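K.L.:
First, the structure itself, so that you have it in front of you.
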Amino acid sequence: NRLLRRINARGPHGPSWRIGRAFVFERVGVFEYRAVRASGHPSIERRDTAEMRLVVGLGNPGREYDATRHNAGFWWVENLAEAQRVAIKAESRFFGRVGRLAGAGEGCWLLLPQTFMNRSGQAVGALAGFYKIAPEEILVVHDELDLAPGTVRLKKGGGVAGHNGLKDIAARIGPDFW
């Protein structure tokens with residue numbers, strides 16, 4: 001099942017990303033995507049795809065971290081869940097808050113680790129192991145101090161650039177996640 005796919009066609013603001021047959025991340029601004037229902041979407045094609053079964057938003061739990069840049073991953077996944085009316089609930093066995101985008105084959109899991117940044121791999125490893133999700137089917141959304149605020153970069157694998165959350169995830173599941 002291919003759950004998140006890059007749409008090869010370009011809209012007015014660039015490429016779109018797709019989750020299965022149900023949802024599309026459509027670029028609506030220079031640095032902004034929104035999730036929309038895929039039915040009738042004019043730019044959906046099946047070329048040049050990458051599949052996602054787990055989207056992880058990195059951050060630190062607690063009110064004192066809510067407004068910090070380090071929680072950019074939390075913000076993004078929470079906005080996606082809200083846009084798709086997905087409830088995100090605490091799941092102790094996965095050490096985080098979990099939601100599921102239904103209607104896309106097996107579904108696409110959303111995860112907000114509650115282990116603090118340095119131990120994010122514990123939550124990712126638990127959920128990925130339980131549902132047999134390969135590293136290349138995982139998208140990790142996080143802050144990046146080397147990029148200006150509002151800038152998005154998508155990459156698969158490679159170095160972790162000193163990011164402790166990414167280091168822990170790579171140590172638990174390997175480096176081939178997005």
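The values are calculated or read from the model by the stated rules, or taken from the named source; none is laboratory data. It should be emphasised that the depicted structure is a prediction, and the values quoted were computed from it without experimental measurement. Glycine gets a Cβ as well: all are built from the backbone with ideal geometry, and neighbour counts include every protein chain shown. With ligands, DNA and RNA removed, areas are computed over all heavy atoms of the protein, side chains included. Shrake-Rupley method; radii C 1.70, N 1.55, O 1.52, S 1.80 Å.
K.L.:
Got at least one residue in the range 39-61 being modelled with pLDDT under 95, of a type in the set (Lys, Arg) and crowded, with 22+ Cβ neighbours inside 10 Å?
P.N.:
So far as the range 39-61 goes, yes, one or more of its residues are modelled with pLDDT under 95, of a type in the set (Lys, Arg) and crowded, with 22+ Cβ neighbours inside 10 Å.
K.L.:
Let me ask you something else. List the residue pairs whose Cβ atoms are under 7 Å apart, where the first residue sits in the range 134-145 and is closer than 15 Å to Trp109 by Cβ, the second is outside any loop (DSSP other than H, G, I, E, B) and of a type in the set (Phe, Trp, Tyr), and the two are 6 or more positions apart or on different chains.
P.N.:
Val141/Trp76
K.L.:
Tell me which of these Ala87 doesn't satisfy, since it passes every other one: (1) at pLDDT 95 or above; (2) of a type in the set (A, V, I, L, M, F, W, C); (3) surrounded by 21 or more Cβ atoms within 10 Å (Cβ to Cβ).
P.N.:
The number of the failed condition is (3).
K.L.:
I've got another one for you. Checking Phe74 against (1) at pLDDT below 90; (2) touching a Pro at 6+ places or on another chain (Cβ under 9 Å): exactly one of these is not met. Which one?
P.N.:
(1)
K.L.:
Quick check, is Val77 open to solvent by less than 60 Å² (accessible area, probe 1.4 Å) and not in a strand (DSSP E or B)?
P.N.:
Yes.
K.L.:
Regarding Gly99, is this residue assigned to a strand (DSSP E or B), more than 20 Å from Thr68 (Cα to Cα) and small (Gly, Ala, Ser)?
P.N.:
Yes, satisfied.
K.L.:
Kindly evaluate Ala123 against the criterion of being modelled with pLDDT of 95 or more and either touching a Gly at 6+ places or on another chain (Cβ under 6 Å) or of a type in the set (Gly, Ala, Ser) (or both).
P.N.:
Yes.
K.L.:
What residue, of Glu144, Glu136, Glu106, is within 16 Å of Arg69 (Cα to Cα), modelled with pLDDT under 95, open to solvent by 30 Å² or more (accessible area, probe 1.4 Å) and charged (D, E, K, R)?
P.N.:
Glu144
K.L.:
Could you give every pair whose Cβ atoms fall below 7 Å, whose first residue belongs to the range 62-88 and is on the phi < 0 side of the Ramachandran plot, and whose second residue is of a type in the set (Ser, Thr, Tyr) and open to solvent by 30 Å² or more (accessible area, probe 1.4 Å), counting only separations of at least 6 or pairs across chains?
P.N.:
Asn71/Tyr65
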